[in-house]
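Quick notes on the structure that follows.
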Amino acid sequence: MSCDDATTIERVSEHPRLDRTLDTSEPEDLPVRSQRDHVWCLNRKHRWALANGGSGYHHALRLSTQVCARCWARRQPRARWLVVDHRTPIPADQVDQSDDRGARILVVGRRPAVRAGVGRLEVRVRGIVVAVTDVQLCGVDHRGVVCHIEVDPAFRRRGFGTLLLDAAQARGPGYHWSTVRLDQSEDSQDFWTYQDPAEPLHLGEPHYCTHMREANGEMG
């Protein structure tokens, strides 16, 4: 599979890999955020260093929480969020569905079939896949290409797409990052204009190295 086979989006049509059976009325309605350092609160309204209202713990999901004091005082949505470890995805073949880890929100990784090929990251909520991204990395040339981001409609605007972007870039710190062609929908434009990526990110034009092109079958 090549990155060119998909556009980078923050929406998903009928997608067989995304199971919509999860009851979203449960406590995981809270938005999510990665563990990296952030300049702004989740609403991008207040500097986090000044508006940090403290942290807590969500016992059912076994995750830490944070709150923006200024958003909370104004009773704004997304004032409180769950903090998810994005730095060390759990290999897909090591996720045991009988394990109590299924009660948490996890980032799961699938390795590419070939060197410098396309791998996959997933977000799972109570064992159900709710968001996916395909990412192509080359450790030799230090390049990363975000192929696409898909979020189940029932879970949009809760930070899952941004969590995946952070998880992808954490796989290649200091890499030259780019994306494939962007979807021109309103959802996609809203998503990308909201982003404050950890690494500089060139949007809309993938910068493949020769190893990536070879993995994509372009060097025959």
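The values are calculated or read from the model by the stated rules, or taken from the named source; none is laboratory data. Remember, it's a predicted structure, so these values are computed and weren't measured experimentally. Note that each Cβ is placed from the backbone with ideal geometry, even for glycine, and that neighbours are counted across all protein chains shown. What goes into the accessible areas is simple: the full protein's heavy atoms, side chains included, and nothing from ligands, DNA or RNA. Shrake-Rupley method; radii C 1.70, N 1.55, O 1.52, S 1.80 Å.
Within the bounds of the stretch 160-169, is there any residue that is open to solvent by 10 Å² or more (accessible area, probe 1.4 Å), of a type outside the set (S, T, N, Q) and assigned by the TED database to the domain that holds Phe191? So far as the stretch 160-169 goes, no, none of its residues is open to solvent by 10 Å² or more (accessible area, probe 1.4 Å), of a type outside the set (S, T, N, Q) and assigned by the TED database to the domain that holds Phe191.
Here is the figure for the stretch 34-47: residues that are open to solvent by less than 30 Å² (accessible area, probe 1.4 Å) and either of a type in the set (Ser, Thr, Tyr) or free of Cβ contacts under 8 Å to residues at least 24 places away in the same chain (or both) total 1. Might you check whether a residue that is at pLDDT 90 or above, aliphatic (A, V, I, L, M), under 16 Å from Asp37 (Cα atoms) and surrounded by 11 or more Cβ atoms within 10 Å (Cβ to Cβ) occurs anywhere in the stretch 91-111? For the stretch 91-111, residues at pLDDT 90 or above, aliphatic (A, V, I, L, M), under 16 Å from Asp37 (Cα atoms) and surrounded by 11 or more Cβ atoms within 10 Å (Cβ to Cβ): absent.
Pairing each residue of the stretch 68-84 that is under 24 Å from Ile105 (Cα atoms) with any residue that is open to solvent by 60 Å² or more (accessible area, probe 1.4 Å) and not in a helix (DSSP H, G or I), provided the two are 6+ apart or on different chains, yields C-beta distances under 6 Å for Val83/Gln35.
For Val140, only one of the following conditions fails: (1) open to solvent by 30 Å² or more (accessible area, probe 1.4 Å); (2) assigned to a strand (DSSP E or B). What is its number? Of the numbered conditions (1) open to solvent by 30 Å² or more (accessible area, probe 1.4 Å); (2) assigned to a strand (DSSP E or B), the odd one out for Val140 is (2).
So that you can scan it fast, the table gives a plain yes or no per residue for (1) under 26 Å from His207 (Cα atoms); (2) part of a strand (DSSP E or B); (3) open to solvent by less than 20 Å² (accessible area, probe 1.4 Å); (4) charged (D, E, K, R):
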| residue | (1), (2), (3), (4) |
| --- | --- |
| Leu50 | no, no, no, no |
| Val67 | no, yes, no, no |
| Trp72 | no, no, no, no |
| Arg115 | yes, no, no, yes |
| Val135 | yes, yes, yes, no |
